[in-house]
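Undergrad: Submitted below is the structure of interest, expressed as structure tokens.
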Amino acid sequence: MEKTAADVGAFVEAVVPAVRRRDAETLLGLMQQVTGEEPAMWGPSIIGFGTYHYKYASGREGDAPAAGFSPRKPASTIYLADGTGAYTEQLARLGEHTTSVSCLYLKNLEKVDLGVLEEIVRDSYQRVAHEGFGIE
């Protein structure tokens with residue numbers, strides 16, 4: 001995945017459905033506040049904040065956003081590079097969501113506790129961007 005020069009604002013304005021666009025605007029503010037970073041496009045559909053370097057045991061390595069999301073049609077996808085398993089307690093308090101190994105899926109931010117979401121994003125960003133997080 002590569003960081004691009006695409007315009008984040010133009011991307012968000014084109015997001016459909018409307019609930020996903022509204023949620024993207026909220027997530028932009030939340031992640032910018034938590035990370036202190038400006039948003040940037042990564043690939044065609046991921047909005048990222050900050051970067052971290054990863055290296056797999058195979059030797060493959062690269063850079064990725066330290067915090068990020070994508071306003072996908074079925075749900076907004078929050079990327080947690082350190083995995084959703086690290087946030088069991090917070091996820092129990094979050095509200096309506098589903099997860100995979102490293103993604104948190106939110107269909108409607110009005111049905112989640114934004115304070116808890118902020119905690120999750122802050123903790124993940126801190127770990128990934130500042131504590132030497134690596135994928136082995």
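The values are calculated or read from the model by the stated rules, or taken from the named source; none is laboratory data. In this text, all values refer to a predicted model and were calculated from it rather than measured experimentally. Because the Cβ atoms are built from the backbone with ideal geometry, glycine has one as well, and the counts that use them run over all protein chains shown. Calculation scope for accessible area: heavy atoms of the full protein, side chains included, ligands and nucleic acids excluded. Shrake-Rupley method; radii C 1.70, N 1.55, O 1.52, S 1.80 Å.
Undergrad: What is the sum of charges around residue 15, taking Lys and Arg as +1, Asp and Glu as -1, for the other residues whose C-beta is under 12 Å from the C-beta of residue 15?
TA: Every neighbour counted, the sum reads +2.
Undergrad: Determine the gain in length on full extension of the stretch residue 101-residue 7; use 0.36 nm per residue of separation and subtract their C-alpha separation, reporting nm with one decimal.
TA: 30.9 nm
Undergrad: Right, another one. Please give the per residue accessible area of the chain, computed with a probe of 1.4 Å over protein heavy atoms only, in Å².
TA: 51
Undergrad: Still on this structure: Might you work out the accessible area of residue 11 for me, using a 1.4 Å probe with all protein chains in place, and round it to the nearest 10 Å²?
TA: 50
Undergrad: Rounded to the nearest 0.05, what FRET efficiency do residue 25 and residue 57 give with R0 = 35 Å and r taken as the Cβ-Cβ distance? Could you check?
TA: Result of the calculation: an efficiency of 0.35.
Undergrad: Next up: Considering Cα pairs under 8 angstrom that are at least six residues apart, work out the relative contact order of the chain and quote it in whole percent.
TA: Rounded, it is 23 percent for the chain.
Undergrad: Roughly how many Å² of residue 121 are accessible to a 1.4 Å probe, to the nearest 10?
TA: 0
Undergrad: Let me ask something additional. Taking the Cα centre of the chain as origin, sum charge times position over the Cβ atoms of Lys and Arg (+1) and Asp and Glu (-1), and report the length of that vector in debye to the nearest 20.
TA: It comes to approximately 440 debye.
Undergrad: Oh, and also: What does the accessible area of residue 100 come to, in Å² to the nearest 10, when a probe of 1.4 Å is used?
TA: So the heavy atoms of residue 100 present about 50 Å² to solvent.
Undergrad: Separate question: Work through the residues other than residue 93 whose Cβ is under 15 Å from its Cβ and net out their charges, Lys, Arg +1 and Asp, Glu -1.
TA: -4
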